[in-house]
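A short write-up of the structure that comes next.
The values are calculated or read from the model by the stated rules, or taken from the named source; none is laboratory data. Remember, predicted model here, so these are calculated numbers, not experimental data. Note: ideal-geometry Cβ built from the backbone for every residue, glycine included; neighbour counts use all protein chains shown.
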Amino acid sequence: MDLEDIRKHYEKMSDNRFIKLLTTNAHGLRPEVYEIIKKEIKKRKLSPDLFEAVLVQNKEYSLEEIEVYAELIRKLPCPVCENSNEKLNGTSVYTVKSFLLFTYTNTESMIACPNCLNKQNNKALISTILLGWWAIPWGILKTPLYIYRNFKSKKENKLNVSNATLLAFTLEHVGEIETYKNNQELLKQIIKPQ
């Protein structure tokens, strides 16, 4: 797309769609598009923080920089139980369900307090143990692997530092976190379970 087409494309977007694009999907933009975005933000009288969201998505990060953003997430109340006593972390929840010739697998990431994360891993473990084995060959092959992965995830739920799942989530949502870093209610929306 040439720059004029990009400008027209942004111009046609609703404010909500434009904000969503800037905070979640601005990675890999060409630098010459930045000026178009700045002008569109100004024309719409939107927060200048939106441009910061674009910049942070197009930057290389050190682990220390990502940990600073992750710490903003860790200080929030748990999106499941609303508890504020423990710092949040992330987990991956692995599930296998099998029905004769069909095997369904699912992996979900979740941000919550360690107790809620453990509960989710336990639910997935029980479901996988009871329903994972009943298909040949994938149920029999994937069930032990997913049981192992849930146990491994549970070990990382209570770490005193940001675990790999939380750091990956933080990097994926860095634009939104930068934009809403001073608004706890909007940050809570980012981590809310789907």
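If you go through region 122-133 one residue at a time, do you hit one that is surrounded by 15 or more Cβ atoms within 10 Å (Cβ to Cβ), within 30 Å of Ile19 (Cα to Cα) and of a type in the set (Phe, Trp, Tyr)? No, that holds for no residue. The residues of region 138-175 that are acidic (Asp, Glu) and either under 18 Å from Lys87 (Cα atoms) or buried (at least 22 other Cβ atoms within 10 Å of the Cβ) (or both) amount to a single one, Glu156. Criterion first (assigned to a helix (DSSP H, G or I), of a type in the set (Phe, Trp, Tyr) and either over 15 Å from the mean Cα position of the chain (by Cα) or closer than 22 Å to Gln184 by Cα (or both)) does Tyr34 satisfy it? In short, yes.
Just name the residue that is modelled with the lowest pLDDT out of those in region 39-52 that are under 15 Å from Lys20 (Cα atoms) and in a helix (DSSP H, G or I). Going through the qualifying residues, I end up with Asp49.
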